[in-house]
Amino acid sequence: MQAYANLFRLLTNALVEQQAVLNTSTPKQMYEPMAYTIGLGGKRVRPLLTLIACDLFNANPQSAVKAALAVELFHNFSLIHDDILDNAPLRRGSATVHEKWNRNIALLSGDGMMVKAFDVLSECDTTHLKAMLKLFSKTGIEVCEGQQFDMNYETLEHVSVEEYLNMITFKTAVLLGCSLQMGAICANASLQDQIHLYEFGKHVGIAFQILDDVLDVYATNDKFGKQVGGDIISNKKTFLLLKAFELAVPSQKETLNCLLNNKNISNPDKVLQVTAFYDSLDIKELANREANIHTETALKHLMEVEADQTKKENLKQFAFDLLKRHT
């Protein structure tokens with residue numbers, strides 16, 4: 001992160017300015033929740049990647065600030081709506097918008113955030129605007145498709161590992177790829193380099209989500225920051241659960257289904273028994289192996305990018321740091 005301190009400062013200043021604009025806009029009932037959401041913080045990984053990609057080709061990162069802001073605004077729109085869909089009470093340790101205000105305000109503020117993302121993007125250099133709008137729109141609809149797939153899978157009895165990987169690619173990973181390609185476009189990078197960066201970001205995103213599934217089961221509370229085993233308790237279809245069903249013989253599948261549907265078992269016992277079931281099939285190792293495949297694919301794409309080697313190494317380390325908490 002130290003290598004990108006100046007880029008992070010540039011991004012932070014732009015976000016502070018954007019938040020100030022929202023805080024002084026009317027009607028305040030619509031704009032204050034938007035400013036509140038931006039103010040909740042976070043690692044700002046996606047917009048930072050946009051600036052990193054621009055800088056990777058020795059272009060002035062200032063030229064990618066509007067694109068980075070658009071990425072962050074879109075991401076925050078998706079978070080507001082995701083929290084409504086999940087009925088989540090907290091986001092980054094603070095009340096979600098629908099809890100702090102109400103559901104209708106959250107819906108409208110989220111919509112406004114998405115429109116504002118395109119408005120900010122329209123301020124980019126006209127030379128790049130058509131390409132960025134096409135990429136941004138494609139990514140936006142894919143994120144929504146991924147969310148719908150996720151909701152569909154909640155009620156489906158059978159979901160394959162392949163279907164799950166497709167869902168997390170759309171819901172999570174494509175925005176990372178988009179963030180990098182947006183910065184490359186701003187830097188006038190070749191289409192080939194843009195595509196390699198997009199694929200790098202996408203596969204890092206897939207690896208991240210798989211490792212997040214692992215972390216939910218195998219992390220310790222002090223490192224994870226949320227309830228360990230939450231996915232097991234809620235019967236969420238994760239890579240681990242779907243892989244277990246894929247590998248289990250009929251008698252094992254019956255055992256696992258009984259564990260998942262037992263209303264009399266306590267949550268701690270359910271977590272312990274399902275985790276033991278995963279261990280019997282070596283699911284954690286298989287999940288880590290799948291994440292490693294995507295990490296290696298990402299690095300192969302990064303190697304193909306025609307850019308400063310030192311800056312490529314910094315980006316590689318940045319990706320490793322994103323995944324490090326999972327190892």
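The values are calculated or read from the model by the stated rules, or taken from the named source; none is laboratory data. Remember, it's a predicted structure, so these values are computed and weren't measured experimentally. Neighbour counts run over all protein chains shown; Cβ positions are idealised from the backbone, glycine included.
The combined condition, being under 30 Å from residue 187 (Cα atoms) and either crowded, with 17+ Cβ neighbours inside 10 Å or out of contact with any helix residue (DSSP H, G or I) (no Cβ under 7 Å at 6 or more places or on another chain) (or both), is fulfilled by residue 313.
Do we find a residue being surrounded by 21 or more Cβ atoms within 10 Å (Cβ to Cβ) and modelled with pLDDT of 95 or more anywhere in the range 12-22?
Taking every residue of the range 12-22 in turn, at least one turns out to be surrounded by 21 or more Cβ atoms within 10 Å (Cβ to Cβ) and modelled with pLDDT of 95 or more.
Counting residues in the range 88-105 that are part of a helix (DSSP H, G or I) and within 24 Å of residue 173 (Cα to Cα) gives zero. Checked against the criterion of being free of Cβ contacts under 8 Å to residues at least 24 places away in the same chain, within 21 Å of residue 41 (Cα to Cα) and in the same structural domain as residue 37 (by TED's automatic domain parsing), the range 142-165 has no qualifying residue. Residue pairs whose Cβ atoms lie under 6 Å apart, separated by 6 or more positions or on different chains, with the first residue in the range 106-120 and touching a residue at least 24 places away in the same chain (Cβ under 8 Å) and the second of a type in the set (Lys, Arg), are 120/66.
Only a single criterion out of (1) closer than 27 Å to residue 69 by Cα; (2) more than 12 Å from the chain's Cα centre (by Cα); (3) buried (at least 24 other Cβ atoms within 10 Å of the Cβ); (4) assigned by TED's automatic domain parsing to the domain that holds residue 286 is not satisfied by residue 181, namely (4).
Within the range 266-306, which residues are in a loop (DSSP other than H, G, I, E, B) and either in contact (Cβ under 8 Å) with a residue 12 or more places away in the chain or of a type in the set (Ser, Thr, Tyr) (or both)?
266, 281, 305, 306
Each residue in the range 75-85 was checked for being more than 11 Å from residue 38 (Cα to Cα) and under 16 Å from the mean Cα position of the chain (by Cα), and 4 pass.
Taken as a whole, the condition of being farther than 30 Å from residue 52 by Cβ and in contact (Cβ under 8 Å) with a residue 40 or more places away in the chain does not apply to residue 247. The residues of the range 150-162 that are surrounded by fewer than 16 Cβ atoms within 10 Å (Cβ to Cβ), acidic (Asp, Glu) and part of a helix (DSSP H, G or I), listed by number, are 154, 162. For the range 236-245, indicate whether the set of residues that are within 19 Å of residue 153 (Cα to Cα), of a type in the set (Val, Ile, Thr), touching a helix residue (DSSP H, G or I) at 6+ places or on another chain (Cβ under 9 Å) and assigned to a loop (DSSP other than H, G, I, E, B) is non-empty. Yes, the range 236-245 has at least one match.
If I filter the range 162-180 for residues that are over 20 Å from residue 290 (Cα atoms) and of a type in the set (Phe, Trp, Tyr), do I get at least one hit? No, because not a single residue in the range 162-180 is over 20 Å from residue 290 (Cα atoms) and of a type in the set (Phe, Trp, Tyr).
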